[in-house]
Amino acid sequence: MSHSWTIGLKKAACLSLVALWASLAATAQASTNGAISVIVPFTPGGSVDLVARTVSEPLAKVLKKTVVVENKPGASGAVGTQYAIRATPDGGTLLLGSTSTVSVRPLLDPPPGYEPARDLTPLNLTAGVPHVIVAHPSVPANDIKELIRFAKSSKESLSWGDSGPGTPHRLAGQLLAKEAGIDLLYVPYRGTSVVLTDLVAGHVQISSVEMGVALPYIETGRLKVLGISSLERNRALPGVPTVSEQGIDGYNIQSWFGFFVSSHTPPDRVEALAEALKQAVSDDRTKAAFDEAGLLVINESGKNFETFLEREHDKWSRAAGKRP
């Protein structure tokens with residue numbers, strides 16, 4: 001699969017500020033139903049949904065249009081992604097893509113029915129967040145080392161809730177199991193919010209979840225945090241060591257979130273939407289909401305986003321065994 005993200009986001013040297021705002025105005029009138037749809041390919045309640053709903057309000061103000069978030073879960077995000085790709089390419093349908101749907105799922109079998117570099121144009125790399133490994137309070141472990149000891153002494157495999165094959169949540173479990181030499185029973189769900197519901201209820205024992213989504217459950221004691229899955233500690237949980245610190249060297253599971261549009265969208269609308277999203281993500285309320293949820297604001301577009309996607313593709317290709 002070719003992974004060149006040369007998609008016409010570069011500004012022409014002669015593009016003036018006046019022309020850019022004219023393009024924004026044209027985009028604001030483009031959709032026949034008077035609204036912009038943001039497709040979230042997972043159930044409500046997860047980090048993808050949180051990012052979409054946080055950005056939608058300031059985006060609506062910039063575009064002077066209604067922005068509607070639509071959840072279309074299924075097939076580890078493939079259903080919603082395909083829906084956005086096949087929508088009329090007039091700038092009226094955006095996709096909130098992520099590590100799962102853009103970088104990981106296309107590398108796995110069966111094929112998801114789309115190729116990101118062919119079918120999607122990147123608009124804005126919006127935010128990122130590390131995962132945390134969390135457990136139900138009944139699990140007799142308070143950190144990763146204790147979890148490994150418990151797993152090795154248990155007669156039954158620990159149950160691991162995840163968002164399905166090909167998601168970072170599943171890969172996080174597979175990597176932990178491989179490096180720690182333990183067995184895990186993977187229990188797939190249709191979204192992070194459903195995983196958390198069953199994890200809090202004790203129907204599954206452990207999981208890897210985006211920190212921003214897990215924080216309320218950790219703070220109220222409904223879940224225990226065993227480790228942070230980035231290479232550095234996070235100021236939202238300063239006393240919690242990383243998984244790498246606890247013996248799984250180099251363990252690094254993080255998610256990113258960004259906006260895309262069909263690759264057939266006219267370049268002037270791509271340019272206008274990218275600029276509108278840049279403004280929406282720069283909004284102080286957006287930054288405050290992301291900060292409260294433990295999300296890192298990135299807000300990159302154009303060549304920076306393309307280069308990032310290429311690096312992610314290379315990283316996850318190696319993880320999936322598609323290249324050395």
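Residues that are under 16 Å from the mean Cα position of the chain (by Cα) and hydroxyl-bearing (Ser, Thr, Tyr) within segment 66-88 comprise Ser76, Thr81, listed in sequence order.
State which residue is nearest to Val129 (Cα to Cα) when the search covers only segment 169-204 and only residues that are touching a helix residue (DSSP H, G or I) at 6+ places or on another chain (Cβ under 7 Å) and outside any helix (DSSP H, G or I). The qualifying residue nearest to Val129 (Cα to Cα) is Tyr189. Take the conditions over 30 Å from Leu63 (Cβ atoms) and not aliphatic (A, V, I, L, M) and apply them to Thr197. Does it pass? The answer is yes for Thr197. Per the conditions (1) assigned to a loop (DSSP other than H, G, I, E, B); (2) more than 24 Å from Ser255 (Cα to Cα); (3) in contact with a strand residue (DSSP E or B) (Cβ under 8 Å, 6 or more places away or on another chain), the sole criterion not satisfied by Ala151 is (1). Only one entry in Leu147, Leu176, Leu95 is crowded, with 24+ Cβ neighbours inside 10 Å and within 30 Å of Ala35 (Cα to Cα), namely Leu95. Considering only residues in segment 44-100 that are acidic (Asp, Glu) and part of a helix (DSSP H, G or I), the one that is modelled with the lowest pLDDT turns out to be Asp49. Looking at segment 223-324, the strands (runs of 3 or more DSSP E) lying wholly inside it that each contain 2 or more residues that are surrounded by 21 or more Cβ atoms within 10 Å (Cβ to Cβ) and β-branched (Val, Ile, Thr) sit at 224-228. Among the numbered conditions (1) under 15 Å from Ser76 (Cα atoms); (2) surrounded by fewer than 24 Cβ atoms within 10 Å (Cβ to Cβ); (3) in contact (Cβ under 8 Å) with a residue 60 or more places away in the chain, the only one that Gly113 does not meet is (3).
Look at segment 279-298: where a residue is over 12 Å from Ser56 (Cα atoms) and among the small types (Gly, Ala, Ser), no partner that is at pLDDT 95 or above and surrounded by fewer than 20 Cβ atoms within 10 Å (Cβ to Cβ) sits 6+ places away or on another chain with Cβ atoms under 6 Å.
For (1) in contact with an Asp or Glu (Cβ under 7 Å, 6 or more places away or on another chain); (2) at pLDDT below 95, each residue gets a yes or a no:
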position: Val134; (1), (2): no, no
position: Ser138; (1), (2): no, no
position: Asp143; (1), (2): no, no
position: Glu146; (1), (2): no, no
position: Lys152; (1), (2): no, no
position: Lys155; (1), (2): no, yes
position: Ser163; (1), (2): no, yes
position: Tyr186; (1), (2): yes, no
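Restricted to segment 103-118, and to residues there that are assigned to a loop (DSSP other than H, G, I, E, B) and either closer than 24 Å to Leu295 by Cα or among the charged types (D, E, K, R) (or both), the residue that is nearest to the chain's Cα centre (by Cα) is Glu115. Between Ala25, Ala19, Ala30, the distinction of being modelled with pLDDT under 55, among the hydrophobic types (A, V, I, L, M, F, W, C), touching a helix residue (DSSP H, G or I) at 6+ places or on another chain (Cβ under 7 Å) and closer than 15 Å to Ala276 by Cα belongs to Ala30 only. When Gly181, Gly164 are screened for being small (Gly, Ala, Ser) and touching a strand residue (DSSP E or B) at 6+ places or on another chain (Cβ under 9 Å), only Gly164 passes.
Residue pairs whose Cβ atoms lie under 6 Å apart, sitting 6 or more positions apart in sequence or on different chains, and linking a residue in segment 204-217 that is farther than 19 Å from Thr242 by Cβ to a partner that is of a type outside the set (Gly, Ala, Ser) and not in a strand (DSSP E or B), are Val204/Asp198; Gln205/His136; Gln205/Val139; Tyr217/Leu223. Just one of the numbered conditions (1) outside any strand (DSSP E or B); (2) in contact with a Leu (Cβ under 8 Å, 6 or more places away or on another chain); (3) at pLDDT below 95 is not true of Val209: (1).
Scoring Pro130 on the criteria (1) surrounded by fewer than 24 Cβ atoms within 10 Å (Cβ to Cβ); (2) assigned to a strand (DSSP E or B) leaves a single failure, condition (1). Among residues that are touching a residue at least 60 places away in the same chain (Cβ under 8 Å) and under 16 Å from the mean Cα position of the chain (by Cα), Thr121 is not included. In this structure, Leu50 does not qualify as surrounded by 23 or more Cβ atoms within 10 Å (Cβ to Cβ), among the aliphatic types (A, V, I, L, M) and within 16 Å of Val261 (Cα to Cα).
The values are calculated or read from the model by the stated rules, or taken from the named source; none is laboratory data. Just so we're clear, the structure is a prediction, and the values are computed from it rather than from any experiment. Using ideal geometry, Cβ is built from the backbone for each residue, glycine included, and neighbour counts are taken over all protein chains shown.
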